[in-house]
1. Identify all residues within region 174-196 that are basic (Lys, Arg) and either under 12 Å from ARG109 (Cβ atoms) or surrounded by 14 or more Cβ atoms within 10 Å (Cβ to Cβ) (or both); write none if there are none.
2. Among the residues that make up region 125-133, is at least one of them touching a Ser or Thr at 6+ places or on another chain (Cβ under 6 Å) and modelled with pLDDT under 95?
3. Would a scan of region 137-149 turn up a residue that is among the hydroxyl-bearing types (Ser, Thr, Tyr), under 16 Å from the mean Cα position of the chain (by Cα), surrounded by 12 or more Cβ atoms within 10 Å (Cβ to Cβ) and assigned to a helix (DSSP H, G or I)?
4. Among THR87, THR66, which is of a type in the set (Ser, Thr, Tyr), at pLDDT 50 or above and in a loop (DSSP other than H, G, I, E, B)?
5. Would it be correct to say that GLU93 is buried (at least 19 other Cβ atoms within 10 Å of the Cβ), modelled with pLDDT of 95 or more and farther than 17 Å from PRO196 by Cα?
6. Where the second residue is not in a strand (DSSP E or B) and the first is hydroxyl-bearing (Ser, Thr, Tyr) and lies in region 96-115, which pairs have Cβ atoms under 7 Å and are six or more apart or on separate chains?
Amino acid sequence: MRTGFATMPTRGPRSRGSGRFVSPGAALVLTGVLCAGGCVSARDGVEPVDQPVAAGEGVIAVSPFTPVRIRVHPLTHWSRDERGRPTIEAHLELFDRWGHTVKGAGLVRFELASPGAAGIGATPPPGAGERPDLRWEVDMRDPAVASQGHYDHVTRTFLVTLLVADESDWGRRKRLRVSFTTLDQRTLSDELTLEP
């Protein structure tokens, strides 16, 4: 009498004395081989999305996980680089339509604004009563650049270090505005007040 794994006859019901059995592993392999000709894997024919197609085709494929909202994360702060130069460490968080954080590719524009007549403590419409003191543009349209060059896995944000050219603009109460233009030309924006 056999013990252990159940066995399966190779032909019809087991006949007395045939003794030919197939182990469960072999049966699984046999099923896979037989199915290979007609089964379609979930990976067959799936093209990468969320990347621009070749120039001239005029179509950009977009994933359902494409960013629809951006947030200047509260981790954003005044800092100094390793050479002591004044910087802003900007943390950007992208969200899909379900509110989950996602990666994304696009063109990022930053503006650092001084408070205007409306005062930074008030809540005027975005940009009202302010003038941009400094501007930066970061090209993250290449997903490899965005992911490898700026994505911080610990905070799940894009980290961009902005060099502040004029020391007098650094460390004061300012408003950092960010606009992120996605690959399908939608513009997402947010702002954060940087405290001294």
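1. Residues satisfying the conditions are LYS174, ARG175, ARG177.
2. Yes, that holds for at least one residue.
3. yes
4. Of THR87, THR66, the one residue that is of a type in the set (Ser, Thr, Tyr), at pLDDT 50 or above and in a loop (DSSP other than H, G, I, E, B) is THR66.
5. yes
6. THR101/ARG156; SER114/GLU130
The values are calculated or read from the model by the stated rules, or taken from the named source; none is laboratory data. For clarity, every value in this text was computed on a predicted model and none was experimentally measured. Reconstructed Cβ throughout: ideal geometry from the backbone, glycine too, with neighbour counts over all protein chains shown.
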